[in-house]
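One structure below.
The values are calculated or read from the model by the stated rules, or taken from the named source; none is laboratory data. Computed from a predicted model, the values in this text were never measured in an experiment. Here the Cβ positions follow ideal geometry from the backbone for every residue, glycine too, while neighbour counts run over all protein chains shown.
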Amino acid sequence: MPRKLRSVKQQMDHLSTELRDMGSTWEEVAEVFRERWNLNSRQAFREAHRYTQIRVTEIWNSLWPSEPLTVRRLGSWEAWPGPAGNEPSLGVLNKLARIYQCRASDLVDGEDHRPPAGGQATTLSARPSPELADVGSVTAALPSWSAHILPGQTLDAEFQRTVQALARWAMNFNRRDVLGLIGAAATAAAASPLTAQLDHEERERVGRVVADPSRLDEATLGHIEAVLHHCRRQEDALGPLPVLQTVLAQQQLVRSLLSQADIRLRPRLLSLLANINRSIGWMLFNLNDGAGADYYYGQARAAAHEADDDAMCSFVLANWSQLATWQGDARLGVEHALGALAWGRRAKSKVLVSYASDVGARAHAIVARRSAKGSRRSDHTQCMKSLDRAQRDLAAKAGDDGGLGLLHFYDHGLHMSTRTLCLLDLGEADQALPLAQASVDDIDPRFSRNLAFAHLDLARALAESKSSRDPETACVHLQKAVDLALVNTSPRLTRSVVQTRALLSPWQRTKAVAELDDRMRASGLV
């Protein structure tokens, strides 16, 4: 199990390294530090580089020995505009910018007095994010649909139209400039079912519950559950960044309601809290924050146990198995998968049993790959048995299966993707190739990240196959994964794109690989 990061220093060390490994600029790393630890910009840039004040003074004095800097003076610049601080001059900011490899203007937290589009000037206490400078253009890009929903049209269909419009609009702009903008717009959309999209009576009910948790009723609880559902669907399409803050806010709301909730609603509220914590863990997993995901999965399991929710226990442990396997601890992945299998059977859910077998097969494949020859056969056999059980139980699921609402994303196409991945990890690329193509054809395109991973597996199979090796077609599927990674901005997906591209190194000088590299650079993925 990954070691938990206890101190703030450990967390900062880990986060800075991880963000830089993902290709983040110093400005982007500093912005994350500024928001997470409530730092001003000068502190945030120093911490982003993981410099102490002593280290900054050493660098300064080596560059400008005739203008020596002391820790005390640096501290006063960082304390400004507080009462203990001194305002740094433009010359000072220019020198600090050289040390921190940024612009001098990045080190100033100024006010923004520009009027918003169609409104009056406002004063912001924090520096505006450059990605959010033109919110009006997002509004102009989206049709006004809310007044034109056809009779019988579902909210999910409306949601998909919004996602598609945002994706088409984003293709016309520089990726880096637009991600924050899409994230802000999408987060507002995720929050809207709880407030703006409720009718007057529903808004009043939610408001009364927030003010007095003892007023919680089934209708209000249903509204909160609906918000989580739409956040999950949005994460399926756009990735974790647009919805994480909304789900974190939901967690705080539900935790506050638990203290005074009616005893009859408490199990349902605990199950909701478990699903929220599980969703946060899943989003952090897709942000490559393994330690954070591990923590929230633990919180989710505790809430699910307290709620006596067997189905949720199974789902949480299945997600936890996938995290452990992805992080390299496949034996822990097997352990969590076995727990998920047991709870899924207890919940009498075929689809949960199928999914537990699915993630268990992934873990067994890695264990088999790393095992000595004597034990490899046993693990290989167990992997195949798990895959067969997953396929059998998935086909046998019924319409009243209690796990269907939790596993809306899990279908035959995703299972075929797992079977492909297992065969690839077992070194059987020739057998994986037809399954990989079937997976790409069968996965629901609304789940853009799942489809992207299917394209990556097909590219890998084409690169590793002994009998049907085809690097040019592998490049075609990698490009499709790149395009999907621009829509679903998951760092886990981005990292996988880069890792799969590395498999094409033997064909580095071919036209197909050169065009792929150009596409990846233009997309900002490398």
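Mind listing just one residue for me: the one in segment 237-258 that is surrounded by fewer than 19 Cβ atoms within 10 Å (Cβ to Cβ) and closer than 15 Å to residue 287 by Cβ and, of those, modelled with the highest pLDDT?
248
Residue by residue through segment 52-76, note down the ones that are surrounded by 17 or more Cβ atoms within 10 Å (Cβ to Cβ) and of a type in the set (Phe, Trp, Tyr).
60, the sole residue that qualifies.
For residue 384, are the conditions met, namely being under 24 Å from residue 413 (Cβ atoms) and assigned by TED's automatic domain parsing to the domain that holds residue 251?
no
So which of 78, 18, 58 ends up being modelled with pLDDT under 90, assigned to a helix (DSSP H, G or I) and not assigned by TED's automatic domain parsing to the domain that holds residue 485?
18
Test each condition in (1) surrounded by fewer than 17 Cβ atoms within 10 Å (Cβ to Cβ); (2) at pLDDT 90 or above; (3) in a helix (DSSP H, G or I); (4) not aliphatic (A, V, I, L, M) for residue 105 and report the one that comes out false.
Among (1) surrounded by fewer than 17 Cβ atoms within 10 Å (Cβ to Cβ); (2) at pLDDT 90 or above; (3) in a helix (DSSP H, G or I); (4) not aliphatic (A, V, I, L, M), the lone unmet condition for residue 105 is (2).
So which of 490, 496, 468 is among the polar types (S, T, N, Q), buried (at least 21 other Cβ atoms within 10 Å of the Cβ) and either farther than 18 Å from residue 362 by Cα or in contact with a helix residue (DSSP H, G or I) (Cβ under 6 Å, 6 or more places away or on another chain) (or both)?
490
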